[in-house]
Amino acid sequence: MSTTATMSPTASIAVLHTSLLFVSPDSVINEYLSELAPDAKVLHFVDSDVLAAVVRDGEVSPASTQRMVHLAQAAQAAGADVIFSACSSVGPAIDVARRLVSVPIVKIDDAMAASAVETADAIGVLATVPTTLPPTRALVEEKARAVGRDITVQELLCEGAFSVLMSGDRDGHDAIVLGGARALAKEVDVIVLAQASMAPLAPAITEAVGKPVLSSPRSGTENAVRVLHEQTAEPAHAAASAWETTQTQWQGGCGAR
């Protein structure tokens with residue numbers, strides 16, 4: 001009998017957002033979830049001011065941490081099988097939330113950081129928000145320790161790029177980020193884009209600097225869906241049995257009419 005597992009038809013994934021900018025219906029995360037887990041129920045939990053508060057405070061404050069914990073707890077209460085944190089800037093808050101909820105929480109940059117330490121010894125972290133640099137660097141170093149890798153990490157902040165993006169000037173943002181990437185590429189073997197908002201630039205940066213460039217939305221979503229499969233997997237024979245039961249009930253209902 002086959003032991004192949006399939007995702008439960010009731011599987012659900014909660015996405016935590018810290019800005020309304022990244023939760024629109026056509027956002028890339030929604031597109032990837034539709035592609036990779038088309039039958040999963042997707043729940044969105046948003047505190048639209050957390051990222052702005054982190055930028056204002058210059059750190060992930062206890063207040064911002066508590067707000068992210070509340071989002072995670074709300075997602076758990078709603079029945080999510082997996083929680084997907086879509087913001088790299090609040091990594092330390094997610095570490096706290098992981099200890100306070102029983103549902104697995106996947107960071108959007110977990111997979112990207114793991115890939116970076118497998119790819120190169122000299123890793124560059126490129127960011128447009130200063131508060132994203134410390135948690136991204138810490139995550140990369142954590143992944144390196146986990147696999148016994150000796151790496152170096154260089155950071156570069158693209159000054160002003162995020163505020164330009166917030167004003168609606170995507171082209172201006174992209175120009176600043178490309179300039180930062182060219183400077184950083186001189187010192188490293190691979191570039192990690194610290195924020196999901198930078199991901200559309202990955203191909204252009206790769207072409208401009210001739211080195212690998214890693215972004216988080218695709219790999220992060222794939223990682224979250226993998227965990228969702230693990231959390232909700234049903235043996236193939238169980239899924240088939242459930243389908244046969246449904247068919248029998250449906251046919252019986254038709255016969256009774």
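The values are calculated or read from the model by the stated rules, or taken from the named source; none is laboratory data. Note that the structure is a prediction, hence the values are computed from the model and not measured. Ideal geometry is used to build each Cβ from the backbone, glycine not excepted, and the neighbour counts take in all protein chains shown. When the accessible area is computed, the model is the full protein with side chains, heavy atoms only, and any ligands, DNA or RNA have been set aside. Shrake-Rupley method; radii C 1.70, N 1.55, O 1.52, S 1.80 Å.
In region 203-224, what residues are under 24 Å from C87 (Cβ atoms) and either among the basic types (K, R) or open to solvent by less than 10 Å² (accessible area, probe 1.4 Å) (or both)?
Listed by number, the residues that qualify are I205, S216, P217, R218, G220, T221, A224.
Which condition from (1) of a type in the set (K, R); (2) touching a helix residue (DSSP H, G or I) at 6+ places or on another chain (Cβ under 6 Å); (3) surrounded by fewer than 16 Cβ atoms within 10 Å (Cβ to Cβ) is the one that R99 breaks?
(2)
Considering only region 121-138, state which residues are open to solvent by less than 10 Å² (accessible area, probe 1.4 Å) and among the aliphatic types (A, V, I, L, M).
I123, V125, L126, A127, V129
Given the condition open to solvent by 10 Å² or more (accessible area, probe 1.4 Å), β-branched (V, I, T) and in contact with a His (Cβ under 6 Å, 6 or more places away or on another chain), answer yes or no: does some residue in region 54-76 qualify?
Within region 54-76, none of the residues are open to solvent by 10 Å² or more (accessible area, probe 1.4 Å), β-branched (V, I, T) and in contact with a His (Cβ under 6 Å, 6 or more places away or on another chain).
Of the numbered conditions (1) open to solvent by 50 Å² or more (accessible area, probe 1.4 Å); (2) assigned to a loop (DSSP other than H, G, I, E, B); (3) on the phi < 0 side of the Ramachandran plot, G148 satisfies every one except a single condition; which is it?
Result: G148 passes all but (3).
What is the residue count in region 181-212 for residues that are without any contact (Cβ under 8 Å) to a residue 12 or more places away in the chain and charged (D, E, K, R)?
So the answer is 2.
Check S167, S89 and return the single one that is hydroxyl-bearing (S, T, Y) and either surrounded by fewer than 20 Cβ atoms within 10 Å (Cβ to Cβ) or touching a Lys or Arg at 6+ places or on another chain (Cβ under 7 Å) (or both).
Only one candidate passes the filter, namely S167.
On the given criteria, is S197 of a type in the set (G, A, S), closer than 22 Å to I29 by Cβ and at pLDDT 95 or above?
Spelling it out, it is not the case that S197 is of a type in the set (G, A, S), closer than 22 Å to I29 by Cβ and at pLDDT 95 or above.
Let me spell it out: the conditions are (1) touching a Cys at 6+ places or on another chain (Cβ under 7 Å); (2) at positive phi; (3) not acidic (D, E), and L51 meets all of them except one. Which number is the exception?
Evaluating L51 over (1) touching a Cys at 6+ places or on another chain (Cβ under 7 Å); (2) at positive phi; (3) not acidic (D, E) leaves (2) as the failure.
This table checks each residue for (1) modelled with pLDDT under 95; (2) open to solvent by less than 30 Å² (accessible area, probe 1.4 Å).
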site: L51; (1), (2): yes, yes
site: S85; (1), (2): no, yes
site: A93; (1), (2): no, yes
site: P104; (1), (2): no, no
